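Peer 1: Encoded as structure tokens, here's the structure I'll be asking about.
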């Protein structure tokens, strides 16, 4: 959100270097490893902790099981949900497919793929200029990128929808095309700032040696700087994906008719369709959930690093 | 750093002498070429809409008839509209309740799940799920949890306790708090991650020292842990407050502002005005008000934080 929040994300392991080192040296007993002094030997406190962990799991993770079980249940009648499916079936997915859920998913994937690619390219280029060059107005440009974070889609939704319908100067109508969603996502202040901070930490000697060899600007970025930025790019990629997948208002205002919706927005179509039950809505929810779930489980380390470094979800 | 930074500058000076002015200009242009795509996109899709929004807020926007300058009328209309006034209250209740609820719960989760054990890592992965799930999916999930008949997920639990089915989303007195509960559920795990990073930075020898001084667990939390994670807490609080003011999707997917406007927040109100009632001028004015408040708050929080650091 603002400058002090963003810290450079370093390639080092994200979780608790302090805790790890104490564990490696084992100079202190376990009860000094955590703020509450949890003991790792069975006892009253230990039992209480397990109990509380189970409650946390039930509150935060178990509801996701109901999405899956409901999606695979013939007719959950909107209410009688359980954590495990009875009569498992794929019928809900078939019905959801008839309502075009796969087309919506296709829209979502195109937008997420294209948006993320554009975002990474644009933000990397900008970060390279900000981190590895000195020029007049540098601070001002940095501030402009920071300000984009204070102008989320919510705040500029109404004029943005007018702009999408008639882009200034070129007079293009982006509504109803994936570009209407992809282009506004291109310049993301968070990625710019995080990549800039990271690139600043690359020693100047590496760059100078390459320059003496006659390496040009683009090759410098592509072959020298980018390979060193892989951890930061991972963070920018996974956070960018989660952020794009979570977009709701932007695809809504960029659409001309419901066939342009992304899968998350299309859930409301399934919900208000009187002919389909909540099993179909849940099937849609599962389809909308799985891509972000895969990205999260594969790249959660980058994600947690990025958020701990001060990411913003919205 | 200083030594290496001066080198390119010196070389640039050499270039200027040797090759003349054109080469120097070419060098100065390079960063702008790299910045161009980002600046262009930000200009067209962020700053231009912002400027347009401010501009339109002073007009009575009439498609095909031409816009008419009406000065501050839009602002007056929006700020005196009782539905917008109600929305301010809802936004504040939701924003503050949700922020503090999510921070308290996030802190509790961080304390509970702090540690290096593999089982704890798996637990943290599972608990963090709500934060990475698209808000629209979370909304559908909570609609089902809140299902109003006695066989709904939460209601069947209440039924076991002998409580009647609760109309979580259909009762105007309750809907706002039901929305708040969902917001807390989404953001608590997110805060947990930031606070865990803060907890990891606490010097372990302080815990030992505290143990030697024989302080209680509560005292240790209050005087050792809390001061150490204050920066992390401040970050969480700042992010949450600003997010809270412009809350839209969570409300829109769960209740759509209903029942009877009881969960209408500032942005859902502005959305309805702009897209359902086609009052672009009024909706723009509402957005500008939100923008100003957000900017003001950000500047204020940053100022307070800087002063706190200086002390």
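The values are calculated or read from the model by the stated rules, or taken from the named source; none is laboratory data. Model, not experiment: these values are computed from the prediction. As a convention, Cβ positions derive from the backbone with ideal geometry for all residues, glycine included, and neighbour counts pool all protein chains shown.
Peer 1: Working only within region B:289-309, note down all residues that are more than 9 Å from chain A (Cβ to nearest Cβ), at pLDDT 85 or above and surrounded by 11 or more Cβ atoms within 10 Å (Cβ to Cβ).
Peer 2: B:289, B:292, B:293
Peer 1: Among the listed residues B:112, B:105, which satisfies the condition of being more than 7 Å from chain A (Cβ to nearest Cβ), within 22 Å of residue B:188 (Cα to Cα) and either at pLDDT 90 or above or not in a helix (DSSP H, G or I) (or both)? Walk me through how you get there before you give the answer.
Peer 2: Numbers: B:112 fails: more than 7 Å from chain A (Cβ to nearest Cβ).
When all the criteria are applied, what remains is B:105.
Peer 1: In region B:77-94, what residues are at pLDDT below 90 and crowded, with 22+ Cβ neighbours inside 10 Å?
Peer 2: Within region B:77-94, just B:78 meets the criteria.
Peer 1: Restricting attention to region A:139-187, which residues are at the interface with chain B (Cβ under 9 Å from one of its Cβ atoms), part of a loop (DSSP other than H, G, I, E, B) and in contact (Cβ under 8 Å) with a residue 12 or more places away in the chain?
Peer 2: A:150, A:152, A:186, A:187, listed by residue number.
Peer 1: Please determine whether any residue of region A:203-219 is under 21 Å from residue A:115 (Cβ atoms) and either away from chain B (no Cβ under 12 Å) or more than 16 Å from the chain's Cα centre (by Cα) (or both).
Peer 2: Taking every residue of region A:203-219 in turn, none turns out to be under 21 Å from residue A:115 (Cβ atoms) and either away from chain B (no Cβ under 12 Å) or more than 16 Å from the chain's Cα centre (by Cα) (or both).
Peer 1: Would you tally the residues in region A:232-272 being outside any helix (DSSP H, G or I) and within 13 Å of chain B (Cβ to nearest Cβ)?
Peer 2: Residues that pass the stated criteria total 7.
Peer 1: Assuming residue A:24 fulfils every condition listed in (1) part of a helix (DSSP H, G or I); (2) at the interface with chain B (Cβ under 8 Å from one of its Cβ atoms); (3) more than 28 Å from the chain's Cα centre (by Cα); (4) modelled with pLDDT under 75 apart from one, which condition is it?
Peer 2: Every listed condition holds for residue A:24 apart from (2).
Peer 1: Pairs only if they're at least six apart or on different chains, beta carbon under 8 angstrom, first in region B:26-44 and more than 8 Å from chain A (Cβ to nearest Cβ), second surrounded by fewer than 18 Cβ atoms within 10 Å (Cβ to Cβ) and assigned to a helix (DSSP H, G or I); list them, first residue then second.
Peer 2: So the pair list comes out as B:27/B:12; B:27/B:15.
Peer 1: I want to confirm something. Restricting to region A:273-294 and keeping residues that are closer than 18 Å to residue A:242 by Cα, more than 9 Å from chain B (Cβ to nearest Cβ) and in contact (Cβ under 8 Å) with a residue 12 or more places away in the chain, which single residue is surrounded by the fewest Cβ atoms within 10 Å (Cβ to Cβ)?
Peer 2: A:291
Peer 1: Identify the residue in region B:231-266 that is at the interface with chain A (Cβ under 9 Å from one of its Cβ atoms), closer than 22 Å to residue A:269 by Cβ and assigned to a helix (DSSP H, G or I) and, among all such residues, is nearest to the chain's Cα centre (by Cα).
Peer 2: B:249
Peer 1: On to the next question. For residue B:202, all conditions in the list (1) under 19 Å from residue B:108 (Cβ atoms); (2) part of a helix (DSSP H, G or I) hold save one; what is the number of the exception?
Peer 2: Going through (1) under 19 Å from residue B:108 (Cβ atoms); (2) part of a helix (DSSP H, G or I) one by one, residue B:202 breaks only (2).
Yes/no matrix, rows are residues, columns are (1) surrounded by fewer than 15 Cβ atoms within 10 Å (Cβ to Cβ); (2) more than 21 Å from residue A:58 (Cβ to Cβ):
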position: B:145; (1), (2): no, no
position: B:149; (1), (2): yes, yes
position: B:156; (1), (2): no, no
position: B:169; (1), (2): no, yes
position: B:216; (1), (2): yes, yes
